[in-house]
Amino acid sequence: MSRYRQMRPMSRLAEPLLAALAVTAIGLSAACGGGDGSAGATGAQGAAGDTGDSGVASIAGSAGPDASPSPQAERPLIRPDTSAEEQERLTNLWLQCFEDNGVSDTERKTRADTPQVRQVAEDCAPLEPERLWQRSLRLDPEYPDKLLAWAECLQDRGIDAFVDGDFLSLADGLPAGTEVEDCEAEAFSGS
């Protein structure tokens, strides 16, 4: 459902974030039955690492907030202070669920539109890690206000960020620092 679309080489801080977001996007695409069956298929937006036509880094997806909480409401949460090791551990638990249910990583990426892979993706969905903004997008009716606060926080720090539909876009790609994560925490957790 979401991920950053990167326009320039990734910073050392962005790599774990992008990997986690790309994995999230692939899994949600499979769970929703969307996309074209490719590894980065998640709707109308490009995959993580795509340059796209607009030249803008985006957190992109195809679904809005869910009106009622689902069993996925308690998915593992990647907070801004979550270590890269913990993010990797949580992602690996989610991916292991696919393996345990007979879907290889290649099948998960290339056959996401098949009934078997969709069923396994649905079964494994409660293990899929998500970031604060992703949980808010799914469950929080105040998401649009928090998204705007996220963009404004980044703008206050000199980053060309803007709201693009239900998602944050970064005109110059991901910054080298921790501004994106810091402003995410400020906007979505009130810290």
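Any read-out appearing in this document is the output of simple, stated calculations on the displayed coordinates, not a laboratory observation. Here the structure is a predicted model, which means the values were calculated and not measured. Virtual Cβ from ideal backbone geometry, glycine too; neighbours counted across all protein chains shown.
Some notes on this structure:
- Placed amide H near Leu174: partners under 5 Å, 5+ positions off or other chain: Met7, Arg8
- Karplus (6.51, -1.76, 1.60) ³J(HN,Hα), θ = phi - 60°, over segment 156-171, in Hz, Gly and Pro reported as x: 4, 9, x, 9, 6, 10, 8, 7, 10, x, 9, 9, 8, 10, 10, 4
- Amide H contacts under 5 Å for Asp164, placed H, 5+ residues apart: Ser169
- Each peptide among 99-106, 158-165 gets the average number of other Cβ atoms lying within 10 Å of its residues, and from highest to lowest they stand as 158-165, 99-106.
- Amide proton proximity set for Arg131, modelled H, under 5 Å, gap of 5+: Ile78
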